[in-house]
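Asker: Pasting a structure here, questions to come.
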Amino acid sequence: MCGLTGIVTGDGRIPDRAVLDAMNTAQAHRGPDQHDLVLVEGAGLAHRRLTILDPTSGEQPMRSADGRFTLVYNGEIYNYRQLNIELEAAGYRFPGHCDTDTLLAAWQHWGPDCVGHLRGMFAFAVWDAREQRLFLARDRLGIKPLYYALTPDGDLLFGSELKTLMAHPRMTREIEPRALEGFLGLGYVPEPYAIFRNAFKLSAGHTLAWQAGQGRPAERAYWDVQFPPSDDSGAGTETLAEELHSRLDESVRMRLVADVPLGAFLSGGVDSSAVVSLMAGASSDPVKTCAIGFDNQAFDESDHARTVARRFATDHREHRIASQEFGLIDTLVDVYDEPFADSSALPTYRVCELARRQVKVALSGDGGDENFAGYRRYRLHLNESRARARIPSAIRQPLFGLLGRVYPKLDRAPRLLRAKTTFQSLAMDTAEAYCHSVSVIPQDLREQLYSDAFKQELGGYRVRDLFVHHGQAAGSDHPLSVAQYLDFKTWLPGGILTKVDRASMAHGLEVRVPLLDHEFVEWAASLAPGHKLNKGQGKYVLKKAFERDLPHDILYRSKQGFSVPLANWFRGPLRETARHALTEGALVESGLFKPAALARLWEQHTQGQRDHGASLWVLLMLSRFMEREMGRQSPTFTDTGNAPRVVHA
């Protein structure tokens, strides 16, 4: 795993070496083993390497023998050996066994179409010196990141992280309103936006080609996930369960190729436990596993992780997170570059830190919920959609729209009486309703917080527009398939995969995700919705596939998730921090919000009138981000020194 960055000049000049070196240094954590850069007419490319395959070859930037092409690359091509056979038959030769050589040959042989031959996770850039043309590509699911930006003088910048772009002196730090609306709604900045104007994320499954003078580059999609148009049951569950087991086993085995120590994250949930079970079956040595526990039992899954570890005799270690772990907040602001408010980034950072003590590569169970409808919100969305379908929109929208406006928000009432969100969702169409259900700060609350000036800056844009746009391309009108498709376009690349990439690379750790192998994803998407969510049971066929491997209590216990006790933190140890952020900090001075509305939010939560824990976390992370960017002095957090304590199971 690595970091790449570069500059393509708008007038053909050779980029400034010092600037390119500064951009590369900004991502030193992504590649502590090697670094280098290449400067030619019109472009400069730089690279940081974390060596996983063949440390004796594969140095980057890598140039073709004739000097025409220069490649920088981040990722792993799991089918590189099969590609080598095909490319050797076409006359190419490979001095080592590094997949970078394979990728460069694949580009020379197939050009931009090479992405269709790759099976893995990747982001790469190729500079064509003859055509003076840059080509960027990102893997199908967005496992590996890639940013790009145009400077005011027409240079195109690119890099693995936003911090590499921001090391360029011509980059503006002016906030992009659509990105901020997306962050406040979702807790992360969704593609294609970045938090700063004129910077963008290359969308998952897209490529980009650019020459000087072209203006803003145009992205091109080369892959998309497709869902069946109906709920046809098709093959039987038992048959599909057998095939699932076989396909996932193949995906796991492909990801066990490495020239460095390798292990796995083990939460004790279905997904990571399934991956560990397959790793144990493929390895003669004990699998090295690591887990995170919490001192609050309501959030702790470490007992379940130990159960799986004992079953497969893994070399297991764990780290317990105490209530003061919020001392990592400012560290996370630096790690994520953009405001990022998934609170599970705290334990994710710690589990990556723990894993890196033993291994350089770790497999994770990410993607199981998205592939097989594991989230509780899928079930709720499906139930609401069924109710929505029974009522004509001419009646449904005005009726439930009115109820959603007038019904009180009853956070502490019995669940039966907490109907405001449901009423609001029933008034909407499928994609908009799903956006509403996953919003961290609901749209009506955001509207109360925004200043009139910021609303004008938004020009009517709301993050729901992005969901509606993606929903039109879902290829299915089944509400579960639409929800899954929307997650593949937003939550997975913007939230889950961003969280893991930055946390792992901060420690020089590569994370591989077998459940997000694109061939496995395509197969899972082809299954009828009833095989995923069956009578309220999510991951139905996945659980059936592993009944002979995993204990019943692991497969069928209630899902806990990887979260932290935010509500209690903001009424306890983070109370004063939240008060500062919402009443006198950067948020108040930014002009983006109404100060009285921010203060009211804090008061309602601390006085126990409402549970605004998730919203406060979003605003706190934004506040810390803005204070860092503005160079303000503010109360600082201290990392408590609660570094991983190794515990053998």
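Asker: Specify the residue that is farthest from Leu50 (Cα to Cα); the eligible residues are those in region 3-28 that are touching an Asp or Glu at 6+ places or on another chain (Cβ under 9 Å) and of a type in the set (D, E, K, R).
Answerer: So, considering only residues that are touching an Asp or Glu at 6+ places or on another chain (Cβ under 9 Å) and of a type in the set (D, E, K, R), the one farthest from Leu50 (Cα to Cα) is Asp11.
Asker: Is it true that Arg512 is under 19 Å from Leu363 (Cα atoms), at pLDDT 95 or above and not hydrophobic (A, V, I, L, M, F, W, C)?
Answerer: So Arg512 fits the description; yes.
Asker: Condition test on Phe593, is it open to solvent by less than 50 Å² (accessible area, probe 1.4 Å) and at pLDDT 95 or above?
Answerer: For Phe593, the condition - open to solvent by less than 50 Å² (accessible area, probe 1.4 Å) and at pLDDT 95 or above - is met.
Asker: Assuming Thr70 fulfils every condition listed in (1) of a type in the set (S, T, N, Q); (2) open to solvent by 20 Å² or more (accessible area, probe 1.4 Å); (3) under 19 Å from His109 (Cβ atoms) apart from one, which condition is it?
Answerer: With (1) of a type in the set (S, T, N, Q); (2) open to solvent by 20 Å² or more (accessible area, probe 1.4 Å); (3) under 19 Å from His109 (Cβ atoms) applied to Thr70, the lone miss is (2).
Asker: Look at Arg81 and say whether it is among the basic types (Lys, Arg), in contact (Cβ under 8 Å) with a residue 40 or more places away in the chain and within 20 Å of Met121 (Cα to Cα).
Answerer: Values: among the basic types (Lys, Arg): yes; in contact (Cβ under 8 Å) with a residue 40 or more places away in the chain: no; within 20 Å of Met121 (Cα to Cα): yes.
Taking the combined requirement at face value, the residue does not satisfy it.
Asker: Would it be correct to say that Gly268 is at pLDDT below 95, open to solvent by less than 30 Å² (accessible area, probe 1.4 Å) and either part of a strand (DSSP E or B) or touching an Asp or Glu at 6+ places or on another chain (Cβ under 9 Å) (or both)?
Answerer: yes
Asker: Among the candidates Gly530, Gly585, Gly613, Gly536, which residue alone is surrounded by fewer than 16 Cβ atoms within 10 Å (Cβ to Cβ) and at pLDDT below 95?
Answerer: On the way: Gly530 fails: surrounded by fewer than 16 Cβ atoms within 10 Å (Cβ to Cβ); Gly585 fails: surrounded by fewer than 16 Cβ atoms within 10 Å (Cβ to Cβ); Gly613 fails: surrounded by fewer than 16 Cβ atoms within 10 Å (Cβ to Cβ).
Only one candidate qualifies: Gly536.
Asker: How many residues does region 511-525 contain that are surrounded by 23 or more Cβ atoms within 10 Å (Cβ to Cβ) and not hydrophobic (A, V, I, L, M, F, W, C)?
Answerer: Summing the residues that are surrounded by 23 or more Cβ atoms within 10 Å (Cβ to Cβ) and not hydrophobic (A, V, I, L, M, F, W, C) in region 511-525 gives 3.
Asker: Further question on the same structure: Could you give every pair whose Cβ atoms fall below 8 Å, whose first residue belongs to region 314-336 and is open to solvent by 30 Å² or more (accessible area, probe 1.4 Å) and at pLDDT below 85, and whose second residue is part of a strand (DSSP E or B) and small (Gly, Ala, Ser), counting only separations of at least 6 or pairs across chains?
Answerer: Close Cβ pairs (under 8 Å, with a partner that is part of a strand (DSSP E or B) and small (Gly, Ala, Ser)) amount to Arg320/Gly293.
Asker: Quick check on this structure: which one of Leu466, Leu416, Leu402 is over 24 Å from Leu601 (Cβ atoms) and modelled with pLDDT of 65 or more? Can you show your working first?
Answerer: Numbers: Leu416 fails: modelled with pLDDT of 65 or more; Leu402 fails: modelled with pLDDT of 65 or more.
The match here is Leu466.
Asker: Restricting to region 207-228, name every residue that is assigned to a loop (DSSP other than H, G, I, E, B), of a type in the set (S, T, N, Q) and touching a residue at least 60 places away in the same chain (Cβ under 8 Å).
Answerer: Answer for region 207-228, where residues must be assigned to a loop (DSSP other than H, G, I, E, B), of a type in the set (S, T, N, Q) and touching a residue at least 60 places away in the same chain (Cβ under 8 Å): Gln211, Gln226.
Asker: Separate question: Among the listed residues Phe158, Phe183, identify the single one that is of a type in the set (A, V, I, L, M, F, W, C) and touching a strand residue (DSSP E or B) at 6+ places or on another chain (Cβ under 8 Å).
Answerer: The unique qualifying residue is Phe158.
Asker: Among Ala125, Ala46, which is in contact with a Ser or Thr (Cβ under 8 Å, 6 or more places away or on another chain), at pLDDT 95 or above and among the small types (Gly, Ala, Ser)?
Answerer: After applying the criteria, what remains is Ala46.
Asker: Sort out which residues of region 271-287 are part of a loop (DSSP other than H, G, I, E, B) and aliphatic (A, V, I, L, M), and write them in order of number.
Answerer: Hit for region 271-287 is Val287, nothing else.
Asker: Still on this structure, I have one more. Looking at Ser563, Ser623, which one is of a type in the set (S, T, N, Q), modelled with pLDDT of 90 or more and surrounded by 15 or more Cβ atoms within 10 Å (Cβ to Cβ)? Explain how you work it out, then say what you get.
Answerer: Values: Ser563 fails: modelled with pLDDT of 90 or more.
Criteria check complete, one pass: Ser623.
Asker: Given the options Leu240, Leu180, Leu256, name the one that is on the phi < 0 side of the Ramachandran plot and part of a loop (DSSP other than H, G, I, E, B).
Answerer: Just a single option satisfies the conditions, and that option is Leu256.
Asker: Same structure again: Can you name the residue in region 166-178 that is touching a strand residue (DSSP E or B) at 6+ places or on another chain (Cβ under 7 Å) and charged (D, E, K, R) and is also most open to solvent (accessible area, probe 1.4 Å) among such residues?
Answerer: In this case the residue turns out to be Arg173.
Residue-by-condition table, conditions (1) outside any helix (DSSP H, G or I); (2) touching a Leu at 6+ places or on another chain (Cβ under 6 Å); (3) surrounded by fewer than 16 Cβ atoms within 10 Å (Cβ to Cβ):
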site: Leu550; (1), (2), (3): yes, no, no
site: Arg579; (1), (2), (3): no, no, no
site: Glu603; (1), (2), (3): no, no, yes
site: Gly608; (1), (2), (3): yes, no, yes
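Asker: Looking at region 443-485, which of the residues that are surrounded by fewer than 18 Cβ atoms within 10 Å (Cβ to Cβ) and not in a helix (DSSP H, G or I) is farthest from the chain's Cα centre (by Cα)?
Answerer: Looking at the filtered set, the residue picked out is Ser451.
Asker: Please enumerate the residues belonging to region 28-46 that are in contact with a helix residue (DSSP H, G or I) (Cβ under 7 Å, 6 or more places away or on another chain), under 21 Å from Leu134 (Cα atoms) and buried (at least 23 other Cβ atoms within 10 Å of the Cβ).
Answerer: Gly44, Ala46
Asker: Give all pairs with beta carbons closer than 6 Å in which a residue from region 468-492 that is over 13 Å from Asp429 (Cα atoms) meets a residue that is among the acidic types (Asp, Glu); count only pairs at least 6 apart in sequence or on separate chains.
Answerer: Note: pairs meeting the criteria are Asp487/Glu370; Leu492/Glu370.
The values are calculated or read from the model by the stated rules, or taken from the named source; none is laboratory data. Note that the structure is predicted; figures quoted are calculated from it, not measured. Because the Cβ atoms are built from the backbone with ideal geometry, glycine has one as well, and the counts that use them run over all protein chains shown. Ligands, DNA and RNA are excluded from the accessible area calculation, which covers all protein heavy atoms including side chains. Shrake-Rupley method; radii C 1.70, N 1.55, O 1.52, S 1.80 Å.
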